[in-house]
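Comments concern the structure below.
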Amino acid sequence: MKLNPSREHHLIIGILLSVWSFVFSFFARPFEHGNMDLGIWINVSVGFSIAAFLSYSFVAIYQNIIFRKLNKWNILLELSTYFVFYFFYSILTYTYYRSPMVYGFYDFPRFFTEIILNITLIISPIIFLLRKYAIKLIPKKEEYIIFKGENKLDFLKIKKDELICISNSQNYVEIFFLENEQLKTKLIRSSLKKIQYEFDFLIQVHRSHLINPTHFKAWKDSNTILLTQTELPVSKSYKNRILSL
């Protein structure tokens, strides 16, 4: 299971939960007793909103500490963030509820069962969706691949997504790749079989050609495919592999 450790992203989640808490408290009004006019409900909504933001701030701090120590994340740790959130949220909202700003008279057990549990059922799916979306915001690390030939100077380090294809050239292989959006090539003394063994993400389309499937664009005709800034022939025996992309 993944965790987005970005404090900025979780700050945004805290703000969104704060806004939701204000809107929910003001319009849904999870409790009603005594003389609760518009002014009091504004106070309640503001207090619950601040409590939501502070509680999720504790979550952000807690999860960063745990993630740094363990360098991993799992379902139990994820569930523990919900516990941390509701622990602080319950304390903060109840403290505010019993303050002179609201003059609430529920004791904590009643406040928890009648208010917090109902809020938990509604807000938990929201937290889940926001945290799941935050994972998609994790920037992808650029993955590099290194080609080494038989000679010391036969060396090429490029980003994986820059590699287009590799073609056999007698005792060499010719590597086609992008550099500043321009097609470049480099000869390395090696074999196509060795390259395919070392980089199993490559797909063979011809006895003399391997391709990076992410650069496949379209079929030019029944025997030729178009790649980024180049094209290659396709053998009948390898055609099914291309058709499955």
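This table checks each residue for (1) among the polar types (S, T, N, Q); (2) touching a Cys at 6+ places or on another chain (Cβ under 7 Å); (3) on the phi > 0 side of the Ramachandran plot.
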| site | (1), (2), (3) |
| --- | --- |
| Y197 | no, no, no |
| F201 | no, no, no |
| Q204 | yes, no, no |
| S208 | yes, no, no |
| K220 | no, no, no |
| L226 | no, no, no |
| Q229 | yes, no, yes |
| S244 | yes, no, no |
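Go through the residues of segment 139-152 one by one and say whether even a single one is of a type in the set (V, I, T) and closer than 30 Å to V173 by Cα. Scanning segment 139-152 turns up at least one residue that is of a type in the set (V, I, T) and closer than 30 Å to V173 by Cα. Pairs linking a residue in segment 1-28 that is under 12 Å from I138 (Cβ atoms) to a residue that is surrounded by fewer than 18 Cβ atoms within 10 Å (Cβ to Cβ) and among the acidic types (D, E), with Cβ atoms under 9 Å and 6 or more positions apart or on different chains, are L3/E78. Checking each residue in segment 100-129 for being touching a residue at least 40 places away in the same chain (Cβ under 8 Å) and under 18 Å from I13 (Cα atoms) picks out I119, I122, I123, S124, I126, I127. The set of residues in segment 104-135 being surrounded by 16 or more Cβ atoms within 10 Å (Cβ to Cβ) and closer than 18 Å to V23 by Cα consists of I115, I116, I119, T120, I123, I127, L130. The test for being in contact with a helix residue (DSSP H, G or I) (Cβ under 6 Å, 6 or more places away or on another chain) and either surrounded by fewer than 16 Cβ atoms within 10 Å (Cβ to Cβ) or on the phi < 0 side of the Ramachandran plot (or both) does not hold for S80. The set of residues in segment 29-50 being in a helix (DSSP H, G or I) and surrounded by 12 or more Cβ atoms within 10 Å (Cβ to Cβ) consists of I40, W41, I42, N43, V44, S45, V46, G47, F48, S49, I50.
Quick check, is Y62 surrounded by 19 or more Cβ atoms within 10 Å (Cβ to Cβ), assigned by TED's automatic domain parsing to the domain that holds I119 and free of Cβ contacts under 8 Å to residues at least 60 places away in the same chain?
On the way: surrounded by 19 or more Cβ atoms within 10 Å (Cβ to Cβ): no; assigned by TED's automatic domain parsing to the domain that holds I119: yes; free of Cβ contacts under 8 Å to residues at least 60 places away in the same chain: yes.
Spelling it out, it is not the case that Y62 is surrounded by 19 or more Cβ atoms within 10 Å (Cβ to Cβ), assigned by TED's automatic domain parsing to the domain that holds I119 and free of Cβ contacts under 8 Å to residues at least 60 places away in the same chain.
Look through segment 195-209, keep the residues that are aliphatic (A, V, I, L, M) and in a strand (DSSP E or B), and return whichever of them is surrounded by the fewest Cβ atoms within 10 Å (Cβ to Cβ). Within segment 195-209, the match that is surrounded by the fewest Cβ atoms within 10 Å (Cβ to Cβ) is I203.
Name the residues in segment 21-61 that are in contact with a helix residue (DSSP H, G or I) (Cβ under 7 Å, 6 or more places away or on another chain), of a type outside the set (A, V, I, L, M, F, W, C) and farther than 25 Å from I135 by Cβ, would you? Selection gives S25, R29, P30, S45, G47, S49. On the stretch given as segment 210-245, residues that are in a loop (DSSP other than H, G, I, E, B), more than 19 Å from S169 (Cα to Cα) and not hydroxyl-bearing (S, T, Y) total 3. For R189, are the conditions met, namely being surrounded by fewer than 18 Cβ atoms within 10 Å (Cβ to Cβ), at pLDDT below 95, in contact with a strand residue (DSSP E or B) (Cβ under 6 Å, 6 or more places away or on another chain) and not assigned by TED's automatic domain parsing to the domain that holds I91? For R189, the condition - surrounded by fewer than 18 Cβ atoms within 10 Å (Cβ to Cβ), at pLDDT below 95, in contact with a strand residue (DSSP E or B) (Cβ under 6 Å, 6 or more places away or on another chain) and not assigned by TED's automatic domain parsing to the domain that holds I91 - is met.
The values are calculated or read from the model by the stated rules, or taken from the named source; none is laboratory data. Everything numeric in this text was worked out from a predicted model, so none of it was measured. Note: ideal-geometry Cβ built from the backbone for every residue, glycine included; neighbour counts use all protein chains shown.
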